[in-house]
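J.: This structure is in structure tokens; I'll ask about it shortly.
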Amino acid sequence: MRELTVEEIIRYAQRIEKESYNFYKEAVKRFSPGNLRNTADELAESEMLHLNRLRKLLEEKKLTEADLEHRVSFDTTQYDQLVNTEKIPENASVAEILNTALLRETKTAETYRLFLSFTGISTELSDLFEYLYSQEEGHATLIRNKLNRE
């Protein structure tokens, strides 16, 4: 168990969204023009929107200093269990890329669901984590459907 501040949690969520954005932009380069490339590009843009919403919380001072300094305890093994997507292997197939994306979206949704379990966080932050959880679940469903067609 480890204690983190809400600000540290938000910065971690920003990192998740930035890594996902980079993964999808790399996937765009790997997919042939058409449906999969368009989907990867749309997912990248969605991840950037998520990142920007998280940034606004800090930049526009939507949370008080007390909100940001609030500490939450949780098992940090979950904290580092997201799928590594730094580099897509050169020989990765479409199915492998989609499976990696699906696993990442599923793990990201689980992370946001964990964040929702924290007590004492602001309503604004809780609402944002609920939104992000729902978005990542939607991404996972979309990718699952693409895999079923492959």
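The values are calculated or read from the model by the stated rules, or taken from the named source; none is laboratory data. Note that the structure is a prediction, hence the values are computed from the model and not measured. No Cβ is skipped: glycine too gets one built from the backbone with ideal geometry, and neighbour counts run over all protein chains shown.
J.: When you go through LEU58, LEU63, LEU128 one by one, which is the residue that is in contact (Cβ under 8 Å) with a residue 12 or more places away in the chain, assigned to a loop (DSSP other than H, G, I, E, B) and more than 19 Å from PHE23 (Cα to Cα)?
T.: Numbers: LEU58 fails: assigned to a loop (DSSP other than H, G, I, E, B); LEU128 fails: assigned to a loop (DSSP other than H, G, I, E, B).
The conditions single out LEU63.
J.: Got at least one residue in the range 118-134 being at pLDDT below 90 and farther than 28 Å from LEU68 by Cβ?
T.: no
J.: If you don't mind, another one. In the range 24-39, what residues are without any contact (Cβ under 8 Å) to a residue 60 or more places away in the chain and of a type in the set (Gly, Ala, Ser)?
T.: SER32, GLY34
J.: Moving to a separate point now. If I filter the range 136-144 for residues that are of a type in the set (Lys, Arg) and more than 16 Å from SER20 (Cα to Cα), do I get at least one hit? So that I can check it myself, show each step before the final result.
T.: First, the residues of the range 136-144 that are of a type in the set (Lys, Arg): 144.
Still in the list and also more than 16 Å from SER20 (Cα to Cα): 144.
Yes, there is a match, as at least one residue in the range 136-144 is of a type in the set (Lys, Arg) and more than 16 Å from SER20 (Cα to Cα).
J.: Looking at (1) over 14 Å from PHE115 (Cα atoms); (2) in a helix (DSSP H, G or I), which is the one condition that is false for GLU8?
T.: The failed condition is (1).
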